[in-house]
Amino acid sequence: MNVLVLGSGGREHAIYEKLKESNQIDNLYIAPGNAGIEDTFRVKIPANHFAELAEFAKSKDIKMIVVGPEDPLAGGIVDYFQEFFGDEILVIGPDVEGAKLESSKVFAQKFMETVGIPVGRSIVIDSTINLDDLFSSFVLVLTHDWKKPLVVKVDGLAAGKGVSIHRTPEEAREKIHKIFYEEEFGSAGEQILLQEFLEGTEASLFALCNGHDVIFLPTARDYKRAFNDNQGPNTGGMGSFSPGDALNEGHLEFIKSRIVEPVLGFFRYRGFLYLGLMVHSEKPDDISMIEFNCRLGDPETQCVLRLMEPDLFPYLLWTVNKEENVPRLRKKGYDVVPQKSGGVVNVVIAAKGYPGKYEKGIPLNLDIDLPEGVQLIHAGTERQGDRVVSTGGRIFNVVAYGKNIAEARQLAYRTVDLLKEKNDFSRLHVRTDIASDI
């Protein structure tokens, strides 16, 4: 079968590398890809140009499209190809209704409250709100008179940067003003979800869904804040490790029955489902949802797929009910994909200034002798002649596999040191504490 991956980030490069291992795929392409992938297999079509993608798919006899980023899913790519091609071209992901779980924070919040999924208390506001009234009433309840921070979430898609945490009313009001009146996030910020701050340990869990059943991928944890010690603004993610350290078997059983099964029942959900969770204690039900994503997460994918033992391709067929028997480990109340022993750590190299203003076109020298077990996964990179330059905020990922998390971490940062010898890190930024707190 011929397969096309959509996207240009680290997640998509990781998906591409994992699918390259499959002996069931004849030709593998990526649109538009990045400098980590040979030009021969890259297709210079944006991931949200559905008609052009369809023409390419027909010309190359593509039978499956694997969607990496959220925008095409929110834009209805699954619905588009289903309408025009039926099962002739299989698109991995939810339809536009299921994708609302990610594309609208307000929609997702209301859904979770309706079906009884544990989630923090919240209020939805728009630009007509009287902030004086709001901050003298409901905000005081959410923050326990500002003994806890206030979480501000824009409703729409914001590339992982639409959530901010504020410890004073002045900070929160300033942020709300920027969103509504300076249009910091454009139409994505027409509504805001104000939410209580949840305490505990964050966890990332990915599920493969086929409309009526679910299989969990390896657990993970990511690091959203820009700087060490979880300081600074939220980013798309500055690093991750897998397996995660927060979820136990009781949690996973609870998550399947109380969180994932309502999603399956309501949406007949198919594809990847990401669950961002806050774990409050080891008790199975002492857990809250932070957010849904309708695709694999970045930077966790780089770790999770590296730890996944079997071929990914049959599981993709399973999500669209074209494959019945895939390897799974049956646990009490849930199933998981078999995984390798050991651990994986991903350290993200970003442009200095990210997630704010940052420089593009930074020349990169990635020609180093990689330690055994280490991959360089590209993100915001492109080729200019015979050199590689940066094109985005998150530039590439150092992904290391070891016999445990500690060894993987050591390998990752040893590789970062090698890269520092050949690159100008005064123009780059890297957190030095990824996986140091486990």
**Report entry** D386 vs. criteria free of Cβ contacts under 8 Å to residues at least 12 places away in the same chain, closer than 23 Å to E38 by Cβ and outside the structural domain of E300 (by TED's automatic domain parsing)
**Finding:** yes
Report summary line: Of those in the range 371-382 that are surrounded by 19 or more Cβ atoms within 10 Å (Cβ to Cβ) and small (G, A, S), the residue farthest from V345 (Cα to Cα) is G380
Report task. State all residues of the range 322-337 that are loosely packed, with under 14 Cβ neighbours inside 10 Å, touching a residue at least 24 places away in the same chain (Cβ under 8 Å) and either in a strand (DSSP E or B) or outside the structural domain of F216 (by TED's automatic domain parsing) (or both); if no residue qualifies, say none. Result -> K331
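Listed here are the residues, each with its yes/no results for (1) buried (at least 18 other Cβ atoms within 10 Å of the Cβ); (2) farther than 24 Å from G232 by Cβ.
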{"site": "Y354", "(1), (2)": "yes, no"}
{"site": "D369", "(1), (2)": "no, yes"}
{"site": "Q384", "(1), (2)": "no, yes"}
{"site": "V398", "(1), (2)": "yes, no"}
{"site": "T415", "(1), (2)": "yes, no"}
{"site": "K422", "(1), (2)": "no, yes"}
{"site": "F425", "(1), (2)": "no, no"}
{"site": "A435", "(1), (2)": "yes, no"}
**Report entry** Residue, nearest to K357 (Cα to Cα), within the range 382-427, restricted to residues that are part of a helix (DSSP H, G or I) and of a type in the set (D, E)
**Finding:** D417
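Where in the range 67-151 are there helices (runs of 4 or more DSSP H), lying fully within it, with 1 or more residues that are surrounded by fewer than 14 Cβ atoms within 10 Å (Cβ to Cβ)?
Details: elements: 70-74, 77-85, 96-103, 105-115, 131-135, 138-143.
Helices (runs of 4 or more DSSP H) meeting the threshold: 77-85, 105-115, 131-135, 138-143.
Over 24 Å from Y354 (Cβ atoms), out of contact with any helix residue (DSSP H, G or I) (no Cβ under 8 Å at 6 or more places or on another chain) and at pLDDT 95 or above: does that describe K175? Walk me through it before giving the result.
Values: over 24 Å from Y354 (Cβ atoms): no; out of contact with any helix residue (DSSP H, G or I) (no Cβ under 8 Å at 6 or more places or on another chain): yes; at pLDDT 95 or above: yes.
When the stated conditions are applied, K175 does not pass them.
The values are calculated or read from the model by the stated rules, or taken from the named source; none is laboratory data. Computed from a predicted model, the values in this text were never measured in an experiment. We place every Cβ from the backbone using ideal geometry, glycine too, and count neighbours over all the protein chains shown.
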